[in-house]
Amino acid sequence: MVKLAELFVVKNVSKNETMHFVYKERHNDIFIVHKGALVFHKSELDEAYFFTKDIIIRGLNVSAKADIMVAKKETLLLIGNRYEYFNKLISETEILQAIFDSIQPQKKDE
C-alpha cells in the first residue's frame, strides 16, 4: 500500500467544515474517507452520506457539478488525482489483489 500512499495528501476536516471538490485548484481528485463522515447535499431534500472507506469521485458517485461536502464529524480524508490512482491500480496488480483479498467474505470456523 506504500505505492498508493505516495499519490495522496492527507486532509483533516473538522466537524461542520466544508470541503470543496476542487482541492487546491485540482479538478480531477478522488477522495477517500479514511475516518469520519461527510455529506453531500444533492438538493434541499436529498443527501448522500459517505463514511469510513468510502471513495468519492465527482462525476461518478456524486454530480460532476458538485461543489462542496460537509463533515458530519471529525474526518480524515485522503485526496489524490483520480487518473494517477486508477493508473497505479492497473499497473501494480499486487495492489488490486490486496484490495480484492480484503473484501472477500471471511469463512466461519465450523
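Among the numbered conditions (1) assigned to a strand (DSSP E or B); (2) closer than 19 Å to Lys88 by Cα, the only one that Lys3 does not meet is (1). Would you be able to tell me the number of residues in region 73-90 that are surrounded by 14 or more Cβ atoms within 10 Å (Cβ to Cβ), basic (Lys, Arg) and under 19 Å from Phe50 (Cα atoms)? Final tally of qualifying residues: 1. Listed by first and then second residue, the pairs with beta-carbon distance under 8 Å, at least 6 apart or on different chains, first residue in region 72-94 and of a type in the set (Asp, Glu), second in a loop (DSSP other than H, G, I, E, B), are Glu74/Ser14; Glu74/Lys15; Glu74/Gly36; Glu84/Leu7.
Listed by first and then second residue, the pairs with beta-carbon distance under 7 Å, at least 6 apart or on different chains, first residue in region 54-65 and basic (Lys, Arg), second modelled with pLDDT under 90 and surrounded by 12 or more Cβ atoms within 10 Å (Cβ to Cβ), are Arg58/Phe21; Arg58/Ala66. Which one is surrounded by the most Cβ atoms within 10 Å (Cβ to Cβ), of the residues in region 13-31 that are part of a strand (DSSP E or B) and in contact with a strand residue (DSSP E or B) (Cβ under 6 Å, 6 or more places away or on another chain)? Looking at the filtered set, the residue picked out is Phe31.
Within region 40-61, which residues are more than 23 Å from Tyr83 (Cα to Cα) and surrounded by 14 or more Cβ atoms within 10 Å (Cβ to Cβ)?
First, the residues of region 40-61 that are more than 23 Å from Tyr83 (Cα to Cα): 41-49.
The answer is His41, Ala48.
The values are calculated or read from the model by the stated rules, or taken from the named source; none is laboratory data. Predicted model only: the values in this text are computed from it and were never measured. Reconstructed Cβ throughout: ideal geometry from the backbone, glycine too, with neighbour counts over all protein chains shown.
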